[in-house]
Amino acid sequence: MRRGTNSLEVKILNRNRVFRYVNGQSETSMPDISAALGISGPTVLTIVKELKDAGVVEEVGELKSTGGRKAKAIAAVRDVRYAIGIDITANHVGLVYTDLAKKALKHDRIRKTFSCEDNYFRELGGILGTFVKDNRIPEDRIEGVGIALPGIVDRQKNILTQSHILKIENVSLERWANAIPYPCELLNDANAAAITEDVCCRKPENSMVYLSLSNSVGGAVVSAAEMKGNDGIKNNFDGGEMYMGDNWRSGEFGHMVIHPEGKTCYCGKKGCLDAYCSALNLVALEEGNLKAFFDKMESGHGEYSRIWEEYLQNLAIAIDNLRMCFDCEVVLGGYVGNYMEPYLERLRTLVAAKNIFGGSGEYVRVCRCREEASAYGAALYQIERYIAKI
């Protein structure tokens, strides 16, 4: 029984490996697949036939001859499934859709004030319907919709348990699902953004801490080692595994205390990182306009420069703590992360000065996906779940 079960698991794993390899190439051949994955030719032949029968790969001609018989070219059928991601904020709705190629095919952002009322959810369904129609996404090929939210999401119960930003508690998936005619799932917005960085930018052999610096501070931990989530399912995103914690509250970096008895955080504790490095500390000076803050600082506004230096000093404390805990690269995302590139060397200098193991702070970098990262990650989550079942 165990041998049979293990053989089945190996077969499923190899089929998934073959599809992922094909999906990662513009086109390939069975000999190339066999050589790249170390799977025998007859096994690859059988798997490719199964994938063709399933409609997820196809023959697209012949590869150029290298002296012998021309090999048949094989490619993934990437438009067999689509997924849509929605990012809910206090004042906007962001949307992204993708296919099996996992590239953002279109993104949009609409100003919409959140309200936990039936009318809001109906209007959200209308916004999604318009997005699908405008982009001519075949409805029968929509695998699902990922909904990224700024708060703690219990994925087992499909409940947003708490959101300071949206000012709601214990809101179930049903409130969204009733207005959306596709399978949908809730995700924490920082986790979703980390998925985007993981799938698109992280080196497979490296682990990563994603630190989201938006109107609240959050994050995620993505490990290169195998790790299972609370539901027993490996949280695999084409190489990385996201650690969710025992209570689905991992990555709440905003509530690390960096200054004991310091500023009071919205959570009630004193000295939390969120109280010092939330984007609200900067946008409050310019009526919610973060770009205006950086423009004025760059123009030589002394007070803004002092505030920014203090921000970097506090951020460096948090980054050093994360490095000591996880010993991996720290990626800065969120609203402030999108503006961090010109100031990265200064931040690295501050971080390096705190590192007891030495180094230049090169382990800190800025996120590479800076447009609708949370919505994009929510869509990628749906696509990855589909690919994992192939």
For region 55-78, does any single residue satisfy the condition of being small (Gly, Ala, Ser), surrounded by fewer than 16 Cβ atoms within 10 Å (Cβ to Cβ) and within 34 Å of the chain's Cα centre (by Cα)? yes
I'm checking my understanding of the structure. Among residues of region 243-296 that are charged (D, E, K, R) and under 18 Å from residue 189 (Cβ atoms), which one is surrounded by the fewest Cβ atoms within 10 Å (Cβ to Cβ)? 249
Is it true that residue 165 is within 25 Å of residue 332 (Cα to Cα), β-branched (Val, Ile, Thr) and in a helix (DSSP H, G or I)? no
Selection count where residues are among the charged types (D, E, K, R) and on the phi > 0 side of the Ramachandran plot, scope region 22-70: 0
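Tell me, which residue of region 20-69 that is among the hydroxyl-bearing types (Ser, Thr, Tyr) and either part of a loop (DSSP other than H, G, I, E, B) or touching a His at 6+ places or on another chain (Cβ under 6 Å) (or both) is farthest from residue 81 (Cα to Cα)?
Result: 66.
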Can you tell me which residue among 153, 132, 145 is surrounded by 19 or more Cβ atoms within 10 Å (Cβ to Cβ) and touching a Cys at 6+ places or on another chain (Cβ under 6 Å)? 145
Hey, residue 116 hits all of (1) touching a Phe, Trp or Tyr at 6+ places or on another chain (Cβ under 9 Å); (2) part of a loop (DSSP other than H, G, I, E, B) but one; which does it fall short on? (1)
Residues of region 174-202 being within 12 Å of residue 144 (Cβ to Cβ), part of a loop (DSSP other than H, G, I, E, B) and of a type in the set (A, V, I, L, M), which ones? 180
Looking at region 224-232, is at least one residue at pLDDT 85 or above and of a type outside the set (Lys, Arg)? no
Is there a residue being assigned to a helix (DSSP H, G or I), polar (S, T, N, Q), buried (at least 17 other Cβ atoms within 10 Å of the Cβ) and under 19 Å from the mean Cα position of the chain (by Cα) anywhere in region 206-218? no
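Kindly indicate whether any position in region 96-109 is in a loop (DSSP other than H, G, I, E, B), open to solvent by 60 Å² or more (accessible area, probe 1.4 Å), more than 23 Å from residue 377 (Cβ to Cβ) and without any contact (Cβ under 8 Å) to a residue 12 or more places away in the chain.
Just the residues of region 96-109 that are in a loop (DSSP other than H, G, I, E, B), to begin with: 100-105.
Imposing the further condition that a residue be open to solvent by 60 Å² or more (accessible area, probe 1.4 Å) reduces the set to 103, 105.
Those left that are additionally more than 23 Å from residue 377 (Cβ to Cβ): none.
Looking through region 96-109, none of the residues is in a loop (DSSP other than H, G, I, E, B), open to solvent by 60 Å² or more (accessible area, probe 1.4 Å), more than 23 Å from residue 377 (Cβ to Cβ) and without any contact (Cβ under 8 Å) to a residue 12 or more places away in the chain.
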Those residues of region 335-371 which are under 18 Å from residue 191 (Cα atoms), open to solvent by 20 Å² or more (accessible area, probe 1.4 Å), in a loop (DSSP other than H, G, I, E, B) and touching a helix residue (DSSP H, G or I) at 6+ places or on another chain (Cβ under 9 Å), in sequence order: 338, 368, 369, 370
What do you reckon, is residue 123 open to solvent by 40 Å² or more (accessible area, probe 1.4 Å) and either in contact with a Cys (Cβ under 8 Å, 6 or more places away or on another chain) or assigned to a strand (DSSP E or B) (or both)? no
Under 6 Å between Cβ atoms, which residue pairs at least 6 apart in sequence (or on different chains) link something in region 338-349 that is under 15 Å from residue 367 (Cα atoms) with a partner that is of a type in the set (D, E, K, R) and at pLDDT below 95? 338/370
In region 140-150, is there at least one residue being at pLDDT below 95 and assigned to a strand (DSSP E or B)? no
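Check whether at least one residue in region 354-362 is hydroxyl-bearing (Ser, Thr, Tyr), out of contact with any Gly (no Cβ under 6 Å at 6 or more places or on another chain) and touching a residue at least 24 places away in the same chain (Cβ under 8 Å), and report yes or no.
No: region 354-362 contains no residue that is hydroxyl-bearing (Ser, Thr, Tyr), out of contact with any Gly (no Cβ under 6 Å at 6 or more places or on another chain) and touching a residue at least 24 places away in the same chain (Cβ under 8 Å).
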Members of region 17-42 found to be open to solvent by less than 30 Å² (accessible area, probe 1.4 Å) and closer than 27 Å to residue 98 by Cα, listed by number: 18, 19, 22, 23, 28, 29, 33
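The values are calculated or read from the model by the stated rules, or taken from the named source; none is laboratory data. Values in this document were obtained by computation on a predicted structure and should not be read as measured data. So basically every Cβ, Gly included, is an ideal-geometry build from the backbone, and we count neighbours across all protein chains shown. Surface accessibility is based on the protein's heavy atoms, side chains included, excluding ligands, DNA and RNA. Shrake-Rupley method; radii C 1.70, N 1.55, O 1.52, S 1.80 Å.
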